[in-house]
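To start, the structure itself, in structure tokens.
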Amino acid sequence: DMVAEGDVVARLDLTALAASLSGAEANVRYAHQRQDGAESAVTEAESAVELADKEFQRATTLLRDGHIPQSRYDQALNAKQSADAALNAARQNLSGTAELVSVADADVARIQDLLRDQELRAPLAGRVLYRLAEPGEVVAAGARVITLIDLSDVYMTVFLPADVIAQIKIGDEARLLIDALPGTPIPAYVSYISPEAQFTPRQVETR
């Protein structure tokens, strides 16, 4: 078949990968929910710290004026320290959930990138020369699926006698006459001349 640049020439069956994308997207939603919960916990811990600070400052003043016993002051100090520790733990938990979100988002992006490679498209316009993989076959990474020939960039190897070769230089114009199109000279040019003599083919090949 003739194909145009960008035509789909093969389609990979990525059903299992598409199913894993649904799972990865569910992980993203779960990670965001955990992050929202962690943010709420930080906000709550910050409020608790603010209240504990006020209680501690009040207890400090009352103790200095002799209105409360030392034990009441110690309780306020302990509550402040506990609130500070709870805030630090909440912030660390929030940082951990942010990492979970990043990992989940990266997993979704990776799967989506793989799914974008589901369709193999022709890199250029040309003719399909060989189909190297049949429907249902397992294709290894990097394996060839089809061979395309660029009809605007083809060459023919011609064997010429030494006395003729001596008169030819790279870039010279040429015309090809083939049996299939006897009345249609195909324009060409000399792109390569071997630096070494080749074997002498049979006469039928070089007429």
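The values are calculated or read from the model by the stated rules, or taken from the named source; none is laboratory data. As the structure is a prediction and not an experimental result, all values here were calculated from the model. Note that each Cβ is placed from the backbone with ideal geometry, even for glycine, and that neighbours are counted across all protein chains shown. Areas reflect the complete protein model, heavy atoms only, side chains present, ligands, DNA and RNA absent. Shrake-Rupley method; radii C 1.70, N 1.55, O 1.52, S 1.80 Å.
Taking Cα atoms only, the orientation of helix 15-64 departs from the longest principal axis of the chain by about 30 degrees.
Surface exposure of region 83-207, expressed per residue as accessible area with a 1.4 Å probe, stands at 80 Å². Each residue, residue 89 and residue 147, gets one label point 7 Å from its Cα in the Cβ direction; the gap between the two is 6.8 nm. Using R0 = 45 Å, the C-beta based FRET efficiency linking residue 160 and residue 8 works out to 0.55.
Packing-based ranking of 11-23, 158-170 yields 11-23, 158-170, ordered from highest to lowest mean Cβ neighbour count within 10 Å.
Between the listed residues 133, 151, 183, the Cα displaced farthest toward the positive end of the dipole of the chain, a dipole computed from Cβ unit charges relative to the Cα centre, is found at 133.
Residues whose amide H falls under 5 Å from that of residue 10, counting only those 5 or more places apart or on a different chain, are 120, with hydrogens built in the peptide plane. Between residue 131 and residue 74, residue separation times 0.36 nm minus the direct Cα-Cα distance comes to 12.2 nm. Split the accessible area of the chain by element, probe 1.4 Å, and carbon with sulfur accounts for 53%. Under a Cβ-Cβ cut-off of 11 Å, what is the net charge of the residues other than residue 72 that fall near it, where Lys and Arg count +1 and Asp and Glu count -1? That works out to -1. Within region 1-152, the ratio Rg/Rh, alpha carbon atoms throughout and Rh by Kirkwood, equals 1.47.
Ignoring GluC sites (Glu not before Pro) that are buried or in helix or strand per DSSP, and keeping those with at most 14 other beta carbon atoms within 10 Å, what is the longest stretch of the chain between them? My reading of the result: 6-136 is the longest stretch. The slack between residue 180 and residue 60, meaning 0.36 nm per residue of separation minus the straight C-alpha distance, is 32.6 nm. With each label modelled as a point 7 angstrom along the Cα→C-beta vector, the residue 32-residue 121 pair spans 2.9 nm. With the Kirkwood sum run over all distinct C-alpha pairs, region 1-86 has a hydrodynamic radius of 18.1 Å.
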